[in-house]
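Beneath this line is the structure, given in structure tokens, with notes to follow.
The values are calculated or read from the model by the stated rules, or taken from the named source; none is laboratory data. A quick note: this is a predicted structure, and the numbers were derived from the prediction, not measured. Here the Cβ is made from the backbone with ideal geometry for all residues, glycine too, and neighbour counts use every protein chain on show. For the accessible areas, the whole protein counts, side chains as well, though only heavy atoms, and no ligand, DNA or RNA atoms are used. Shrake-Rupley method; radii C 1.70, N 1.55, O 1.52, S 1.80 Å.
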Amino acid sequence: MDPELVGTQAALVRINVIADVTIAHVNHSTGAVVIHQGTYEVPQAEASGVLVTGDGVVATLYRLLREDLDTVTVPAANRLFVEQIGAQLVDGNDTTDPTHATDPAIDEHLQHCYRRVEHCIVVPHERYEVVLLSAGGEESVPATLVNQPSGPTDVALLRIGAGGLPTASLSPTQEPVDDAMVAGLEWEVSQSAPSTRSLQPADEPVRLDGSRLTGGQTLTSSLAGGLNGGPVIDRATGGVLALADCDPSFVVSAVGAASIQAALVGAGITPARSGFDIAFADGLAQLNRGEYAVAAERLQTATTYFDSALARDYLTVAQERAAAPDDPVGNSTSDDASIPWWMWGVVALLVLGALTAGLLIGRRRRPASSDDRSAASSGTGHHVVGMAGPADGAAPTAGDASAGQRDADR
């Protein structure tokens, strides 16, 4: 795996935009002025972003962060009319979509509030929460806007109160990049427990050419589903090339990394690698080299800075590989495992036959012993002429037959 690319994935975040909406309806149709007012928390949008500094600065686009009266007015008006005026809504009192009240007189005022006429006042106040990809599950951290973007494609910088976080490096480029991806965090619903969902890294392959961002058929839906504002990443280097944008008309484009750098400079922020970045990259490099014990140590160090879900996953891999024996029992990978069992019987018979033949050949070639020679001479009935040999090694000579007669004469 590429440590830089994985490091950038660890820096992905999800941004929740919540509006605290104060809404007041003034009713003077009966001659008396009656004011109903309430303040309600309304989810406005969700977007993706990426950490660009170790002390918790997130870069995204301002499109989904800025005030959106059209999005927050309807849910707030529905709750005001149900809770303060006693309206019954046709589509259910919990609906957050435009609907009608069952009472025609009340419904007229409800429709007025949807349009924000002068006697229905709506004042939203946006706040932001950042969700990091941590091992402890989804936890929202309050964030503040540290620069002053105004347009929808301006780079917005959010800061959370934390340190030692993963960061992504910026890679401004003027050249087209064919092998890129838009990345972010998406909600994944558990198949075994449909009511349970968790954030998981998600990406879409794209090609970047300046501000032109092109991809497959699912690119637009993925951006609208939560990847909007997320980083466009170069797969070859892991660097952030741009931020992806999808407007309300589903026109897709990109805002280059140079704009992110300019926003950081304008806010007086200098990016720097964190302790997490250094330990995490070291651990992944050691894992690539097969030095699993050292990798586990470095990845464990990374989690002390930030308990990243990705760092925990790779830590588990390193620990398991470090603990595994080089040649585990019962898991042979040698060629012997492919030999059929009956072949072993044939091999055994051949070996046994070879040994038996060797013994027989050796027995035939063995010289007779003195005991064997004695047994042979006594059993034939023939006199064997002895062979006498000089001690000096001269050739042996046959014994003289007349020697016995001369001895008798003497």
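Worth a mention:
- Residues that are surrounded by fewer than 16 Cβ atoms within 10 Å (Cβ to Cβ) and assigned to a strand (DSSP E or B) within region 73-123 comprise ILE121, VAL123, listed in sequence order.
- If the condition is being in a helix (DSSP H, G or I) and either small (Gly, Ala, Ser) or open to solvent by 70 Å² or more (accessible area, probe 1.4 Å) (or both), then region 293-312 contributes ALA293, ALA295, ALA296, GLU297, GLN300, ALA302, THR304, TYR305, ALA309, ALA311, ARG312.
- If you go through region 216-247 and keep only what is under 12 Å from ALA183 (Cβ atoms) and open to solvent by 20 Å² or more (accessible area, probe 1.4 Å), you end up with ASP234, ARG235.
- Whenever a residue of region 120-139 is within 30 Å of ASP107 (Cβ to Cβ), its partners that are hydroxyl-bearing (Ser, Thr, Tyr) and surrounded by fewer than 20 Cβ atoms within 10 Å (Cβ to Cβ), lying with C-beta atoms within less than 6 angstrom and at least six residues away or across chains, give the pairs VAL123/THR22.
- Verdict on LEU284 being at pLDDT 95 or above, in contact with a Ser or Thr (Cβ under 8 Å, 6 or more places away or on another chain) and not acidic (Asp, Glu): no
- Out of ASP55, ASP70, one residue alone is of a type in the set (D, E, K, R), open to solvent by 10 Å² or more (accessible area, probe 1.4 Å) and under 16 Å from VAL122 (Cβ atoms). It is ASP70.
- The residue that is farthest from the chain's Cα centre (by Cα), counting only those in region 1-32 that are of a type outside the set (Val, Ile, Thr) and over 30 Å from LEU243 (Cα atoms), is GLY31.
- Filtered by the rule that a residue be open to solvent by less than 90 Å² (accessible area, probe 1.4 Å) and of a type in the set (Asp, Glu), region 25-46 gives a lone residue, GLU46.
- Filter result (over 20 Å from THR237 (Cβ atoms) and either in contact with a Gly (Cβ under 9 Å, 6 or more places away or on another chain) or buried (at least 18 other Cβ atoms within 10 Å of the Cβ) (or both)) within region 270-292: GLY275, ALA279, GLN286, TYR292
- Test: residue in region 9-24 that is among the basic types (Lys, Arg) and open to solvent by 50 Å² or more (accessible area, probe 1.4 Å): no
- The listed residues are PHE276, PHE250, and the only one of them that is more than 24 Å from PRO205 (Cα to Cα), of a type in the set (Phe, Trp, Tyr) and not in a strand (DSSP E or B) turns out to be PHE276.
- Selection within region 191-200 - under 18 Å from the mean Cα position of the chain (by Cα) and open to solvent by 60 Å² or more (accessible area, probe 1.4 Å): ARG197, GLN200
- Each residue in region 18-69 was checked for being under 17 Å from LEU185 (Cα atoms) and of a type in the set (D, E, K, R), and 1 of them qualify.
- Elements of type strands (runs of 3 or more DSSP E) contained in region 140-244, each with 2 or more residues being closer than 20 Å to ALA257 by Cα and in contact (Cβ under 8 Å) with a residue 24 or more places away in the chain: 155-160, 177-189, 197-209, 212-215, 231-234
- Residue in region 41-49 that is acidic (Asp, Glu) and touching a residue at least 24 places away in the same chain (Cβ under 8 Å) present: yes
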